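S.K.: Below is the structure I would like to discuss, written out as structure tokens.
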Amino acid sequence: MGKAERKRWSEDFSEWYNELIEVAGIQDKRYPVKGMNIWLPYGLKIMRNIEKFIHAEMERTGHEEVLFPALIPETEFQKEAEHIKGFEGEVYWITHAGLDPLDVRLILRPTSETAMYSMFSLWIRSHADLPFKVYQIVNVYRYETKHTRPLIRVREISRFFEAHTAHDSYEDAERQIKEDLEIFDRLAKFLALPYIVSKRPEWDKFPGAYYSVGAEVMMPDGRTLQIGTMHNYRQNFAKAYNIQYETETGDHEYVHQTTFGMSERLLAAVIAVHGDDRGMVLPPTIAPIQVVIVPIPKKDSEADVFAYARELAEELRTAGIRVHVDERDIRPGRKYYDWELKGVPLRIEVGPRDVEGKKAVLARRDTLEKITVERDNIVGEVRKTLDAIHENLYQRAKEFLEGHIKRVDTIEEAKAVFEDRRGIVEIPWCGEEECGLKMEEELDAKMLGIPYPEEDAKAPEGKKCPVCGREARFIARFARTY
RNA sequence: GGGGCCGUGGGGUAGCUUGGUCUAUCCUGCGGGCUUUGGGAGCCCGUGACCCGGGUUCAAAUCCCGGCGGCCCCA
């Protein structure tokens, strides 16, 4: 794994993370409202690069972008019983306009189902309108009562992605979930993030959903972070919001619906999963600066390292690489630390020796290794190295994830995992809620669910549920979560 | 849901127990100058803070109440 140390990263992750968010210029947490932070330019640029990919994927898969208002009337919000039960404890209410109380109170959207679906019932008329696929990236508000954490648990999720679809059958909705998983997989590869997908247990599905699926990554401290969800609503919302279409035979049917959700947690995952003691390590795909060139001037040298650096930069820029020349009047060492903290994947150092010998020194952020290359091959070498960095980040994270998944047969073994290095425990389960909740309590962990797709979720022959002793039907996953 | 700790320049802190030279400490950052430049060099000058509101008192960073904000533990 190279010489990059990840001691503080792994042993004191919480503090490492909090500090890094600020010093690396991602967010300023000092805004005086709990759980609402300010995006700083550098952090926002990274997030925008992630979103660019998401927009492209939406375009590719035929989703149209929309923008709904942030306010939802109480009357719309209350139409789906389970949904309101799930969210009423954490919505912000708007009760007054100026000095007057509102006749119909408004909520700040915690998610947009209830804002969108009354409109869906107006828009969707015929089977020809289906499948109907829209998405938006907006801010949503949830009054979190647990302690907040930047990008991870916030009261204003400022980059909330939500795709909403409507279909003429359960099967077509299922096909949509598959497509969502494929999109998610492409995004995860783009971010060099290995992940697992689980079907949530009944007691933890999204309020109003028929079933929910969640994608998790492994954080440095062995806890998991959910970074994507897909829900099949069946006709639950369609019935509550009267979303019907006319079939080819003239009958009226309720649509089947799905949603797919993600947020700035994607960035949190990138920062946490790939980081090390020196700061962030950004995958080249989303790094605002992919290559930083640091000129190393020498007092009694004729060589113009600055001109040489600019020349290299121009050539790389022309080749489509995001490059920056750091010409600040400070010592080179200081610059190295700055850009390492900010996660720039590749640094090029050019001093008088390099100018004279027509060379350049490439320093990788992930492994901290340095190699000297010929100036004439610079574009090829940089491309090759950026690719290698991306691949290495993915492999390193994959090993970490896989090394933190353990399959056990008993509660005792599972407990031992959580006492030791944590991670994800896979344990046989009969499928009964009572036994699942019992295990959550015993392990002081959450059931993520069963592996998805469900073909992978079946328990091997002869395995017993460690709580009730009956034949196990599934493999259930448990973890401490964020 | 229950309990505890905390809030001092941009960041990190000393001071609070026992109110009074606190005109508030130190490190860092930031602006300027000299000097330096293959991994955070040094020196000099400058800059900048007691979360908000109320109370007690001759006197509040310090004590009390409330609010806002942050952190931790338990369920």
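For (1) modelled with pLDDT of 95 or more; (2) among the aromatic types (Phe, Trp, Tyr); (3) near RNA strand B (Cβ under 10 Å from one of its atoms), each residue gets a yes or a no:
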position	(1), (2), (3)
A:Ala303	no, no, yes
A:Glu315	yes, no, no
A:Thr318	yes, no, no
A:Ile321	yes, no, no
A:Asp329	no, no, yes
A:Pro345	yes, no, no
A:Arg353	no, no, yes
A:Thr367	no, no, no
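S.K.: Looking at the structure I just gave you, is A:Glu381 within 16 Å of RNA strand B (Cβ to nearest atom), of a type in the set (Asp, Glu) and buried (at least 16 other Cβ atoms within 10 Å of the Cβ)? So that I can check it myself, show each step before the final result.
M.R.: Details: within 16 Å of RNA strand B (Cβ to nearest atom): yes; of a type in the set (Asp, Glu): yes; buried (at least 16 other Cβ atoms within 10 Å of the Cβ): yes.
Yes; evaluated as a whole, the condition is true for this residue.
S.K.: Would you confirm whether or not the range A:387-394 contains a residue that is under 14 Å from A:Met218 (Cβ atoms), among the hydroxyl-bearing types (Ser, Thr, Tyr) and in contact with a Lys or Arg (Cβ under 8 Å, 6 or more places away or on another chain)?
M.R.: Yes, that holds for at least one residue.
S.K.: Give me the helices (runs of 4 or more DSSP H) completely within the range A:29-112, filtered to those with at least 2 residues that are among the basic types (Lys, Arg), ordered by residue number.
M.R.: Answer list for the range A:29-112: A:41-60.
S.K.: Restricting attention to the range A:189-228, report how many residues are under 20 Å from A:Ile475 (Cα atoms), without any contact (Cβ under 8 Å) to a residue 60 or more places away in the chain and either β-branched (Val, Ile, Thr) or part of a loop (DSSP other than H, G, I, E, B) (or both).
M.R.: So the answer is 1.
S.K.: I'd like to check something: does the range A:282-295 contain any residue that is part of a helix (DSSP H, G or I), surrounded by 18 or more Cβ atoms within 10 Å (Cβ to Cβ) and within 11 Å of RNA strand B (Cβ to nearest atom)? Even if it seems obvious, please write down each step before you answer.
M.R.: Of all residues in the range A:282-295, those part of a helix (DSSP H, G or I) come to none.
Among the residues of the range A:282-295, not one is part of a helix (DSSP H, G or I), surrounded by 18 or more Cβ atoms within 10 Å (Cβ to Cβ) and within 11 Å of RNA strand B (Cβ to nearest atom), which makes the answer no.
S.K.: If I filter the range A:414-422 for residues that are modelled with pLDDT under 95 and among the aromatic types (Phe, Trp, Tyr), do I get at least one hit? If you could, list the steps in order and put the result at the bottom.
M.R.: Residues of the range A:414-422 modelled with pLDDT under 95: A:414-422.
Narrowing the set further to residues that are among the aromatic types (Phe, Trp, Tyr) leaves A:418.
There is at least one residue in the range A:414-422 that is modelled with pLDDT under 95 and among the aromatic types (Phe, Trp, Tyr).
S.K.: Shifting gears a bit: Checking the conditions here, which among A:Phe160, A:Phe120 is of a type in the set (Phe, Trp, Tyr) and either modelled with pLDDT under 95 or outside any helix (DSSP H, G or I) (or both)? Give the derivation first.
M.R.: Numbers: A:Phe120 fails: either modelled with pLDDT under 95 or outside any helix (DSSP H, G or I) (or both).
That would be A:Phe160, the only listed residue that is of a type in the set (Phe, Trp, Tyr) and either modelled with pLDDT under 95 or outside any helix (DSSP H, G or I) (or both).
S.K.: Among the residues of the range A:14-58, what is the count of those that are modelled with pLDDT under 85 and more than 10 Å from RNA strand B (Cβ to nearest atom)?
M.R.: The number of residues fulfilling the criteria is 1.
S.K.: What do you reckon, is A:Arg328 among the basic types (Lys, Arg) and over 32 Å from the mean Cα position of the chain (by Cα)?
M.R.: In short, yes.
S.K.: Can I ask one more? Suppose we keep only residues that are more than 7 Å from RNA strand B (Cβ to nearest atom) and outside any strand (DSSP E or B) within the range A:135-145. Which one would you say is modelled with the lowest pLDDT?
M.R.: A:Glu144
S.K.: Quick check: is even one residue across the range A:373-383 assigned to a strand (DSSP E or B) and either of a type in the set (S, T, N, Q) or not assigned by TED's automatic domain parsing to the domain that holds A:Met219 (or both)?
M.R.: Residues of the range A:373-383 that are assigned to a strand (DSSP E or B), as a first pass: A:373-374.
Still in the list and also either of a type in the set (S, T, N, Q) or not assigned by TED's automatic domain parsing to the domain that holds A:Met219 (or both): A:373-374.
Taking every residue of the range A:373-383 in turn, at least one turns out to be assigned to a strand (DSSP E or B) and either of a type in the set (S, T, N, Q) or not assigned by TED's automatic domain parsing to the domain that holds A:Met219 (or both).
The values are calculated or read from the model by the stated rules, or taken from the named source; none is laboratory data. Remember, it's a predicted structure, so these values are computed and weren't measured experimentally. In this analysis, Cβ positions are derived from the backbone assuming ideal geometry, glycine residues included, and neighbour counts consider all displayed protein chains.
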